[in-house]
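Accompanying notes for the structure given below.
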Amino acid sequence: MPIHIVVCVKSVPSSAAIPVDPGTGLPKTAGVPAILNPFDEYAVEEAARLKERLPGSTATALTVGADVEVLREAAARGCDAGVQVAGPEFEGGDSLSSSAALAAAIKKLHADKPVHLVLFGKNASDEASGTVGSQTAAWLDWPGAAGVKKIEAADGASVTVHRMMEDGIDALSLSLPACLATVKEINEPRLPSLKGKMAAKKAVFPKWGAAELGLDPAQVGAAGAGTRLAKASPPPPRPAGVKVEGATAAEKAAKLVDLLLERKLI
Amino acid sequence: MANPGILIVVAPQRGVLPPAAFELVTAGRRLADALKEPLSAVVLSDKAQGPAAELAARGVDKVYAVEHPLLADFVEELHAKAAAEAARKSGTGKILVSSSVAGRALAARLAVLLKAGLAADVFEIRPDGRVLRPLFSGNLIAEVEFKTPVAVISVAPMTFPRAEKAAKTGAVEPLAFDPGAPRSRFVSFKAEESNEVDLGAAERVVSGGRGLGGPEGFKLVFDLAHALGAAVGASRAAVDSGWIPYRHQVGLTGRSVRPKLYVAVGISGQIQHLAGMSSSGTVVAINPDKDCPMMQTANVAVQGDYKELIPLIIADIKKRRG
Ligand SMILES: Cc1cc2nc3c(=O)[nH]c(=O)nc-3n(C[C@H](O)[C@H](O)[C@H](O)COP(=O)(O)OP(=O)(O)OC[C@H]3O[C@@H](n4cnc5c(N)ncnc54)[C@H](O)[C@@H]3O)c2cc1C
């Protein structure tokens with residue numbers, strides 16, 4: 001049975017070496033090229049694979065943010081359509097308000113064409129809270145799972161997934177619609193095909209603001225956020241290290257063990 | 001600033017309390033003492049009484065025991081629903097959860113149910129209500145402020161010492177839970193077939209990288225780990241080479257660890273690896289290249305070939321233990 005998949009994608013800075021703006025005391029990402037969050041590549045790829053497994057299925061990429069290029073990248077990698085949720089009211093959002101915006105957009109998509117699965121990457125490489133998938137599921141009041149390393153069986157009514165835990169693998173069965181946050185073991189993303197790239201170039205993506213989503217601007221962006229980034233700073237430098245010197249390897253080994261015992265590390 | 005009171009949310013895994021639960025008790029107790037506010041906890045499990053009593057014995061003032069067969073294994077919507085009910089009942093403003101796979105999802109759902117701000121992977125909680133967490137793979141530290149009456153904080157494992165038995169034992173109160181008609185069903189669990197120490201909860205970690213030269217190099221890494229009572233980690237280069245399974249990977253796309261002692265063997269220390277271990281207590285590097293980033297950032301740098309050094313280190317430890 002064909003299904004409708006929504007893949008949530010985020011635009012992130014291509015580098016993690018982000019300076020602090022001395023004026024604001026906040027990270028300064030302006031000027032750093034933006035890319036599709038690397039962890040979202042796995043979610044997009046999984047949508048493409050589900051489309052192959054369940055012929056006739058469609059995948060819609062969804063982003064909250066000003067950068068529409070991530071939708072183009074998702075389209076090049078196999079998504080059929082894309083929606084951008086953007087506008088000044090969405091600026092300065094945190095995981096709580098951004099997930100509320102995602103949920104509202106998913107509801108709108110769902111009303112138009114029923115959604116079966118919503119896929120997410122493990123976390124965004126910038127803020128890395130790793131919670132937006134489960135937060136979106138909670139706003140929608142849909143079942144969900146995070147840490148998904150395998151989608152075993154999916155039909156229009158339910159899905160069986162494998163979840164990677166610290167001590168092993170859980171299997172869960174969820175009724176649809178459901179939200180799944182993936183991990184990188186789920187697949188090996190393929191590079192966009194030439195055909196995909198060509199199609200993506202021409203694609204147009206609708207842009208929805210708070211009004212189209214029926215959201216009060218006070219619920220989204222900085223106004224709807226539960227947290228505020230007060231300040232960012234580089235981590236304190238590690239104290240200078242010591243070199244374990246010795247004429248022979250045996251001498252070095254003995255000195256290392258001395259030092260570990262002295263510092264009560266063993 | 002969030003409302004008064006601190007609530008720890010604990011979901012025992014496979015029937016046992018994870019060590020991180022006792023770390024949360026310490027984090028909660030410190031905050032409670034600094035603010036002169038009560039410390040409570042909620043245990044969500046099919047058998048909650050035992051674990052609840054254990055938390056009470058470690059100094060939690062009041063522990064809610066929510067017992068239901070459907071809480072035996074982690075199902076995010078059910079656990080979050082039960083936790084939200086306990087949070088509303090206790091009326092607490094600051095909720096602490098561990099940043100495990102389950103804890104992260106639980107904190108996320110709970111935050112939405114309580115319309116609460118959420119900060120993940122927190123390693124410091126200030127009495128003024130602000131928390132510290134990493135940003136951009138740990139290249140920056142964020143100071144986060146809560147705007148909501150309730151704050152949900154997921155605490156990075158290994159950041160606080162584990163609470164011991166306290167002088168004063170708290171009270172345990174059972175709480176009923178109606179799961180409604182759940183749409184998620186736990187099917188089964190398959191354990192990793194090894195009884196190795198879990199990386200995330202280990203006080204010592206020995207990791208191997210491409211410098212081991214091949215899978216046989218991990219034999220020495222495991223031997224050293226056994227001698228030190230350590231868990232075994234790896235760089236992505238070693239994992240991608242197929243020398244060791246992915247679950248051992250430390251770094252940006254692997255696990256984050258924060259042991260007291262981290263020994264990096266044959267790992268050059270690229271930023272993506274450092275992202276997963278740079279907040280370790282003491283970092284020891286074993287590497288012939290004294291100029292590589294790992295040797296530069298290590299607290300203790302041992303220049304040399306691991307094949308020669310590790311057997312000598314193991315022999316030395318054994319000798320001293322007699
Ligand atoms: C998006 C992305 C995500 C990534 N995520 C991760 C991640 O999660 N974890 C991770 O580790 N990497 C990650 N990487 C890869 C990372 O950039 C490095 O490629 C990787 O960490 C290198 O592994 P290494 O240090 O083992 O290998 P190398 O960099 O090749 O270093 C090998 C080291 O071994 C030393 N050596 C050689 N011979 C010996 C000997 N006889 N005894 C002792 N030492 C010896 C060498 O001097 C050298 O320093 C990621 C990369 C990208 C792009």
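Below, the figures for the structure above:
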read-out: Number of the condition not met by A:Gly78 [criteria: (1) of a type outside the set (A, V, I, L, M, F, W, C); (2) under 30 Å from A:Asp170 (Cβ atoms); (3) within 14 Å of another protein chain (Cβ to nearest Cβ); (4) touching a Gly at 6+ places or on another chain (Cβ under 8 Å)]; value: (3)
read-out: Looking only at region B:110-138, and only at residues there that are more than 8 Å from chain A (Cβ to nearest Cβ) and β-branched (Val, Ile, Thr), the one that is farthest from B:Thr159 (Cα to Cα); value: B:Val131
read-out: In region B:296-322, the residues that are touching a strand residue (DSSP E or B) at 6+ places or on another chain (Cβ under 9 Å), facing another protein chain (nearest Cβ under 8 Å) and aliphatic (A, V, I, L, M); value: B:Ala298, B:Val300, B:Ala301, B:Val302, B:Leu309, B:Ile313
read-out: Hits in region A:178-215 (condition: modelled with pLDDT of 95 or more and among the acidic types (Asp, Glu)); value: A:Glu188, A:Glu212
read-out: Checking B:Tyr262 against (1) within 13 Å of the ligand (Cβ to nearest atom); (2) in a helix (DSSP H, G or I); (3) modelled with pLDDT of 95 or more, the condition it does not meet; value: (2)
read-out: Every residue from region B:234-259 that is outside any loop (DSSP other than H, G, I, E, B) and either near the ligand (Cβ under 9 Å from one of its atoms) or in the same structural domain as B:Asp121 (by TED's automatic domain parsing) (or both); value: B:Ala234, B:Arg236, B:Ala237, B:Ala238, B:Val239, B:Asp240, B:Gln249, B:Val250, B:Arg255
read-out: Qualifying residue in region B:301-316 (condition: under 26 Å from A:Met165 (Cβ atoms), free of Cβ contacts under 8 Å to residues at least 60 places away in the same chain, surrounded by fewer than 23 Cβ atoms within 10 Å (Cβ to Cβ) and not aliphatic (A, V, I, L, M)); value: no
read-out: Count - residues of region A:129-153 that are of a type outside the set (Gly, Ala, Ser) and within 14 Å of A:Asp40 (Cα to Cα); value: 4
read-out: Any hit, region A:140-155, residues being open to solvent by 40 Å² or more (accessible area, probe 1.4 Å), under 16 Å from the mean Cα position of the chain (by Cα) and within 14 Å of chain B (Cβ to nearest Cβ); value: yes
read-out: Hits in region A:156-188 (condition: in a loop (DSSP other than H, G, I, E, B) and more than 10 Å from chain B (Cβ to nearest Cβ)); value: A:Gly156, A:Ala157, A:Asn187, A:Glu188
read-out: Test: residue in region B:265-274 that is more than 8 Å from the ligand (Cβ to nearest atom) and within 26 Å of A:Gly168 (Cβ to Cβ); value: no
read-out: Qualifying residue in region B:296-315 (condition: farther than 24 Å from B:Glu216 by Cα and within 9 Å of the ligand (Cβ to nearest atom)); value: no
read-out: Whichever residue in region B:193-231 is within 16 Å of the ligand (Cβ to nearest atom) and part of a strand (DSSP E or B) and, among such residues, is surrounded by the most Cβ atoms within 10 Å (Cβ to Cβ); value: B:Gly208
read-out: Filter pass, B:Ser268 being assigned to a loop (DSSP other than H, G, I, E, B) and farther than 20 Å from B:Asp121 by Cβ; value: yes
read-out: Close pairs (9 angstrom Cβ cut-off, 6 or more residues apart or separate chains): within 14 Å of chain A (Cβ to nearest Cβ) in region B:204-215, open to solvent by 50 Å² or more (accessible area, probe 1.4 Å) and more than 6 Å from the ligand (Cβ to nearest atom) anywhere; value: B:Arg204/B:Val197; B:Arg204/B:Lys260; B:Val205/B:Val197; B:Val206/B:Phe222
read-out: Unmet requirement for A:Ser15, which otherwise passes all of (1) in contact with a Pro (Cβ under 9 Å, 6 or more places away or on another chain); (2) assigned to a loop (DSSP other than H, G, I, E, B); (3) modelled with pLDDT of 95 or more; value: (3)
read-out: Criterion violated by B:Val144 - all others in (1) facing chain A (nearest Cβ under 8 Å); (2) open to solvent by 20 Å² or more (accessible area, probe 1.4 Å); (3) in contact with a strand residue (DSSP E or B) (Cβ under 9 Å, 6 or more places away or on another chain) satisfied; value: (2)
read-out: Residue in region B:289-299 that is out of contact with any Gly (no Cβ under 6 Å at 6 or more places or on another chain), surrounded by fewer than 23 Cβ atoms within 10 Å (Cβ to Cβ) and closer than 19 Å to B:Thr159 by Cα present; value: no
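The values are calculated or read from the model by the stated rules, or taken from the named source; none is laboratory data. Owing to the predicted nature of the structure, the values given are computational and were not obtained by experimental measurement. Don't worry about glycine lacking a Cβ; one is built from the backbone with ideal geometry, like all the others, and counts go over all protein chains shown. Protein only, heavy atoms only, side chains kept; ligands, DNA and RNA dropped before computing areas. Shrake-Rupley method; radii C 1.70, N 1.55, O 1.52, S 1.80 Å.
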